[in-house]
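To keep things clear, I will list the structure first and then write my remarks on it.
Each reported figure results from applying straightforward, stated rules to the coordinates on display, with no laboratory input. Since the structure is predicted, the reported quantities are computational estimates derived from the model, not experimental observations. So basically every Cβ, Gly included, is an ideal-geometry build from the backbone, and we count neighbours across all protein chains shown.
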Amino acid sequence: MNSDIPDPSDWIDSKLSGLKDVDETLRCHICKEFFTAPMITGCGHTFCSLCIQRYLTNTSQRCPTCMQEQQISQLRKNVTVETLVEHFSAQRATILRVVKEAAKQPIPEVVEPPSSPDLDDGRRRSGRKRTRTNYTETLVSSDDIQVECPVCQAMLPGAAINRHLDNNCNDTGANGGNWLGTKKKTKPLRKIQRVNQASESVANVRRKLQDEGLSTSGSKQTLFRRYDEWVTLWNANVDNKTPRSKSDIKDDLRRWETTVVANENAQPVKMTIKNIDDRQWVQKHKEDYDYLIEQARKSILKKKQEKEKEQQQQQEGHQKAVDRREDNEPDMKRSETEGYQVVS
Amino acid sequence: MSGKRPSVAQKRLMKEYKQFISDPPQGISAGPADEDNFLLWECLIQGPDDTPYEGGLFPATLKFPQDYPLSPPVMKFTCEMYHPNIYKDGTVCISILHAPGDDPNMYESASERWSPIQSVDKILLSVMSMLAEPNDESGANIDASKMWRDDQEQFVKIVRGTVRKALGL
Ligand SMILES: [Zn+2]
Ligand SMILES: [Zn+2]
Ligand SMILES: [Zn+2]
């Protein structure tokens, strides 16, 4: 099947079909993608920050999974799941390829998914032999060893010492900090407040939009919705481990306006997704469709013929009424011996 | 890429479709009506055994909103259907297709309602069991509702007629 759309069914038919459940668990129930900035609800369910905020803002104040009441303010970052997604999705394609290749080989083999070097901390399970390569991989390269600068006594990586000396002990140029780790901190992004349509004036919302550098055109309703969506997109971005730039988020807002808002009153759009969809799917579907119809026709005609035969053989006065229960409860069960009669 | 990135709705529907065909529910066929538009699906539902709908195959469409899966799709049979919970124009009235917010049917508990964790296969399975067991609290088709309560024999007769019609017999 089409590998452009990775999803849990990729693991079916592989030697590690159990990974389907792992794959599924690391995906958001709303968008079916791996979690982006996962947030956990008060009831313990996890969704992407953007997905759940959108849902709680626009659709319902209940958890989509268990229907318990839920507010945006109750959401908390699910850091462990975020890390888990990061590691799993980084390895996913490799594991999938390895297990699919293993499936082709006649002799079953134990497949060890390659572990990433940063997980390899030397505390390996006993019984697994280290090879030479593993040793060299885990050795610290001399370039990573901290050395003292003979001139200014600063500690810096061996790899950087020559450049440091060439720059007369002045390293503030390249990455905005010196080697002692006092890197210039980026200002943490702050979440913004939602506005209440009942109490906030249009003028205020227009000013807020202007302050953010967003469009201020449209009806009152449009302005409120635009700002609301901006808050959702922005706050979800703040939850991201590596937040995107403000102009990226503005692009997202524009996209939202062109797909969701613009199409609410218009004709359904035709979006072409040639690279992702697969003509075979549609073709297969059409064939199934025709086949099923043909089968059903045949079976009904056959039943009808059988019925007619049966009727000829049967004595007069045979009851064809549908069973009714004594207690008047409606019941559409047919009697044991006959099917529903086809009305001619 | 054709310039436009697929929306959340489109991407999710592609995944749903891929999963649907990797493990299709018995008696149900469904998929996008054409490859350029994942927001409109065609489906085919087999009438459940031991019901008047037995042996029938009923075509329907699922129309997904731009904000799917926040909002549910609309399901509409494109053949003549006679059922208490199906409007005369074919639109299906079933709790799983109602968001917890909109409330034409108070009796539906929130847990049976639409939520993004539902999916196309769950909708179609619910519709299949709705064919087997009409819900007489929601009368989308009042005539059919009454007939089903008061005159089973006639109800079955009408349904069998629609079964044959849907198959072009
Ligand atoms: Zn999500
Ligand atoms: Zn929950
Ligand atoms: Zn902690």
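At-a-glance table
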| quantity | calculated |
| --- | --- |
| Distance from the range B:32-72 to the range A:49-91 (C-alpha centre basis), Å | 29 Å |
| Shielding score for B:26-38, defined as the mean number of other chain Cβ atoms within 10 Å | 5 |
| Distance (nanometres) between label positions extended 7 Å along Cα→Cβ at A:Arg76 and A:Glu257 | 3.8 nm |
| Which listed pairs, of A:Lys20/A:Lys77; A:Lys302/B:Lys15; A:Lys191/B:Lys11, have C-alpha distances above 31 Å, in listed order | A:Lys302/B:Lys15 |
| Shape of the range A:62-104, Cα gyration tensor, a/c cut at 1.5 | oblate |
| Qualifying trypsin sites (Lys or Arg not before Pro) in the range A:188-250, DSSP loop, other Cβ atoms within 10 Å at most 13 | A:Arg190, A:Lys191, A:Lys241, A:Arg244 |
| Flagged links, alpha-carbon separation over 31 Å, of A:Lys309/B:Lys157; A:Lys303/B:Lys18; B:Lys18/B:Lys76; A:Lys208/A:Lys241 | A:Lys303/B:Lys18 |
| Helical segments meeting 30 Å axial Cα length and Kyte-Doolittle 1.0 threshold in chain B (DSSP H) | none |
| Highest-MSF residue in chain B out of B:Ile45, B:Ile117, B:Ile86 [GNM, Cα springs under 10 Å] | B:Ile117 |
| Rounded, prolate or oblate (a/c below 1.5 giving rounded, otherwise prolate when a/b exceeds b/c) for the range A:202-265 by Cα gyration tensor | oblate |
| Cβ-Cβ FRET estimate between B:Asp49 and A:Glu69, R0 fixed at 30 Å, reported to 0.05 | 0.15 |
| For B:60-73, mean number of other protein chain Cβ atoms within 10 Å | 3 |
| Charged-residue dipole, Cβ positions (Lys, Arg, Asp, Glu), the range A:202-265 about Cα centre, Debye nearest 20 | 180 debye |
| Shielding score for B:153-162, defined as the mean number of other chain Cβ atoms within 10 Å | 3 |
| Within chain B, helix-based [θ] at 222 nm, where runs of 4 or more DSSP H residues each add -39,500 (n - 2.57), nearest 500 | -10000 deg cm²/dmol |
